[in-house]
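What follows is one structure encoded as C-alpha cells, with my remarks underneath.
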Amino acid sequence: MFARRDNEPDYAILDRTKSEVSYGGTTNCYGTPIETVQSNNPLREQSLNINQDSEIGANPDRYKQHGFFFNADNCIACHACEAACSEKNDNPAHIAFRSVGFVEGGTYPAYQRLNISMACNHCDDPVCLKGCPTRAYTKFAEYGAVLQDPDICFGCGYCTWVCPYNAPQLDPEKGQVSKCNMCVDRLEVGLKPACTTACLGNALDFGVIEDIPENRSQAKVDIPGFPRTDITHPNIRFQQTRTTQREMTRVDQTAIKYHRSDEPSSTFEESPFIPELDPKQGFDRQWNLKRLLTSHENAHIAFTLSAQLVMGAFLWFFAGFFINGSGLDSLSASPAYLPALVTLVGLITMGLYKLNMHLGKPQRFYRGFYNLKHSPVSREIAGVSLFFAGLVLFTILAFFEHPFFAALQLLAALIALTGLMAGGYYMYKLYRIEARPFWNHINTASSFIGTGLVLGSLFVAISNTAADVIPQQLNTLLLSAISIGLVIEIAGLWSHRRSLKSAKSEGAASFYEQTTSYGNAYVLRNSLLVVSLIISLSLLLTEYQSFWAYLLLAGTALSSAIIGRALFYVVVIPTTMPGGFFWRNQGFVEHARETGLADMPQMGVIYEKHHAFNVKELIETIKTTSLDDKIDQFKRIFTG
C-alpha cells in the first residue's frame, strides 16, 4: 500500500466536496451507472491486494466510477504530470503513461495553442479489455479502474491497436504492455493520482465522474484533438472556455487537422471539431521501399499471406473429396498431391512461427487462448490452430491408401474446414477496429478473400502443371477463381479509395500517406493487379496452360500481394492524441532511428526489437506451474 505522509498538502487529498455545477445524477452522461456495484453486493469491501497488502481503503466513494478532469484553459504544458507519473511508476524514458501534446491555430497576433494532457481514461466500455487475448485487463468495481497485469501479457500489442487514446504502452525491451493504473494505491489511502498532485496550473484534477471539481464551469467530453468518445465512453471531462480558432492543426507529422463543424450537436456544449486531412507533406509521390518492406509488422505480412494461401489451396483439395468430374478428382491422383500438401503444411508452419516470434514473450504463446469469450485474437488463434491441426492430420493420412484412413482423412478435412471458416473470419474481424479507420472497411475482407483465392489457386495450378497433369476443366476452374479473386481485390480497392478520399477521419490521412509517401509503390501494386488480371483472363479465354505462364502470373500476383499487405500495415493511422515536434511524433521517431539519435536515452526513442523464443524458460514455466494452476488455465480457456 502507498505510504501516506502525515503532512500531505491539501491539493493532494482526494476531495469529496461537490461544486454547485455538479452533475448530481446516478448515471454519467453516457447513461452508465456511476455506482459500480450496489450497496448490498457481496463484492464490496474486498481488498485490492496491492503488493499483497490486504488493507481495504476507507474512501466512501470507493465503489463509484472515478475519472480525470482536465482544464485546457489552465494547462501550460510544463509536463510536470508526465514526470510525476513516470517517477511514480518507475518508467524508462521511452514509456509514458501520461503525455502532453498540443494543437495550434491562427497566426500572429491571433495565434492560439491548446495543450492536452492524456493518460488512460478507464473507459466504461474498455476495448483493450475485450481485445486482449491473454485477459491481462480487468475493470475493477473499485473506482472503476481498468488495470492491466504486465506479467500476464505476452506482448502481442493488440490493445495498443484498439485503444483510441494510445493509453497502453508496448515496451520493446521488456516485450510487454503496461499502462496507467489510476494510482489505485494512492486512492486507497485518500490521495489523488500522482499526475494531478503534480499539476502546477491546477489544470488536472480527479474525482467521482460528473462531480465537477471546484472552480470549474464545464464538464465536456470533447476537445479539439481528442479522439471519438463513442468507441469506449472514456471517463475524462474537459473544460475549455476560451474560443478556439476555426481550424486547429497538429504540430506532429500526422496529416490531420481539426475543423469546427457548423452543425450543432446535442452532445457537446459547442460544435465538435472534426478531423480532416492536412496535406502538410505535399503531394509528391515517393517510393520508400526500404521503410515499406522492413516494417515492424513484417511478421503479420508473412502470417496473413501464408495462411490465406494455404487456406485457399486447401479448399481445392477439400472440394476434390466431394465433386467428381470437372478435373477436381484428379487432384488426389496427381503425383504433385503429396508434395503439395507437405508444402502447404510447411508454409503455414512458417507463418505461425513468424507470428509467434513477433510476440514480446514468444514462450507464453499458449496464453493466446485465454479470452475466447471476447477477443477476436483468441478466436483467430483457436481457429487457425484447429485448421493447422486438421491440415497436418489430413496430410499424414494422405500417405495411406487404406479405406479406413480415407475415412479418417475426410474427418481431418472437416476439422480443417471448420478451423478455416472460424480462423478466416476472425482473421478479418480482428482488423475491423474503430480506432483504425483505414482498416475498418469492407476492403479488408475483399483483400483477404481475394488473396486466398488468387494465391491458393495459383499454388494448385503451378504444382499440377509442374507435374504436367492438369486437365483442361481444372485449368478453367483455377483460372476462373484467380480472375474472380483479382476482380474482388480491385473492386475492394476502388471502394476503399472512394470512401477514404472524402472521409472525415484518420482514414483520409492514411490514404494520403499511401498515395504520397508510398505513392510509387501504391501505383506499382495497382498496376501489378491489373496486369495479373489481364494475364489471367488471357489464359482463361485461350484455354492456355503452361508452367511458365502460371509462374509469370504468380510473380505479378504475389508481388502485388506483398506490396499491398505491406501498405496495409504501414500507412494505417490510429486515432491517437496529438503530440509535439519531438514527443509522440512518428516522424521524429523514424528520424531518430535512422540518424542514431535513438542511441540517446533522453530522446525517448528506442529501436524496435523482436524477442527470441526461450525454450528453457518455457520448460521451466511448465515445470514450476502447479497442477491446480494448469487446471485453472484450462477452465479459463473453455469457460471464458
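The values are calculated or read from the model by the stated rules, or taken from the named source; none is laboratory data. Keep in mind it's a predicted model, so treat the numbers as computed, not measured. We place every Cβ from the backbone using ideal geometry, glycine too, and count neighbours over all the protein chains shown.
Points worth noting:
- Qualifying residues in segment 434-460 (those that are hydrophobic (A, V, I, L, M, F, W, C) and within 21 Å of the chain's Cα centre (by Cα)) - the one farthest from Val310 (Cα to Cα): Ala435
- Residue satisfying condition, being among the hydrophobic types (A, V, I, L, M, F, W, C), assigned to a helix (DSSP H, G or I) and over 13 Å from Leu540 (Cβ atoms), within set Leu453, Leu474, Leu486: Leu453
- Meets criteria (touching a residue at least 12 places away in the same chain (Cβ under 8 Å), in contact with a strand residue (DSSP E or B) (Cβ under 9 Å, 6 or more places away or on another chain) and in a helix (DSSP H, G or I)) for Phe511: yes
- Screening the candidates Ala93, Ala167, Ala110 for the property of being farther than 19 Å from Leu14 by Cβ and either in contact with a Lys or Arg (Cβ under 9 Å, 6 or more places away or on another chain) or without any contact (Cβ under 8 Å) to a residue 40 or more places away in the chain (or both) yields one hit, Ala167.
- Segment 340-382, residues that are of a type in the set (Gly, Ala, Ser) and within 21 Å of Val162 (Cα to Cα): Gly360, Gly368, Ser375, Ser378, Ala382
- Residue check for Arg565: within 23 Å of Thr249 (Cβ to Cβ), modelled with pLDDT of 60 or more and buried (at least 18 other Cβ atoms within 10 Å of the Cβ): no
- Within segment 121-164, considering residues that are among the basic types (Lys, Arg) and touching a residue at least 60 places away in the same chain (Cβ under 8 Å), the one farthest from Phe226 (Cα to Cα): Arg135
- Answer from Leu292, Leu315, Leu309 - the residue that is under 15 Å from Glu590 (Cβ atoms), part of a helix (DSSP H, G or I) and not acidic (Asp, Glu): Leu292
- Leading residue by the ranking (surrounded by the most Cβ atoms within 10 Å (Cβ to Cβ)) among those in segment 202-218 that are in a loop (DSSP other than H, G, I, E, B), of a type outside the set (Lys, Arg) and in contact with a strand residue (DSSP E or B) (Cβ under 8 Å, 6 or more places away or on another chain): Ile209
- Scanning segment 75-85 for residues that are without any contact (Cβ under 8 Å) to a residue 40 or more places away in the chain and either buried (at least 21 other Cβ atoms within 10 Å of the Cβ) or of a type in the set (A, V, I, L, M) (or both) yields a single hit, Ala77.
- Exactly one residue out of Asn40, Asn59, Asn49 is at positive phi and at pLDDT below 85: that is Asn49.
- If you go through segment 472-508 and pick out every residue that is crowded, with 18+ Cβ neighbours inside 10 Å and in contact with a strand residue (DSSP E or B) (Cβ under 9 Å, 6 or more places away or on another chain), you end up with 4.
- Once segment 602-616 is narrowed to residues that are at pLDDT 80 or above and within 27 Å of the chain's Cα centre (by Cα), the residue that is surrounded by the fewest Cβ atoms within 10 Å (Cβ to Cβ) is Tyr607.
- Restricted to segment 37-70, and to residues there that are touching a strand residue (DSSP E or B) at 6+ places or on another chain (Cβ under 8 Å), of a type outside the set (Lys, Arg) and in contact (Cβ under 8 Å) with a residue 24 or more places away in the chain, the residue that is farthest from Val184 (Cα to Cα) is Phe70.
- Selection within segment 159-191: residues that are over 19 Å from His94 (Cα atoms) and in a helix (DSSP H, G or I). The member of this set that is nearest to the chain's Cα centre (by Cα) is Val162.
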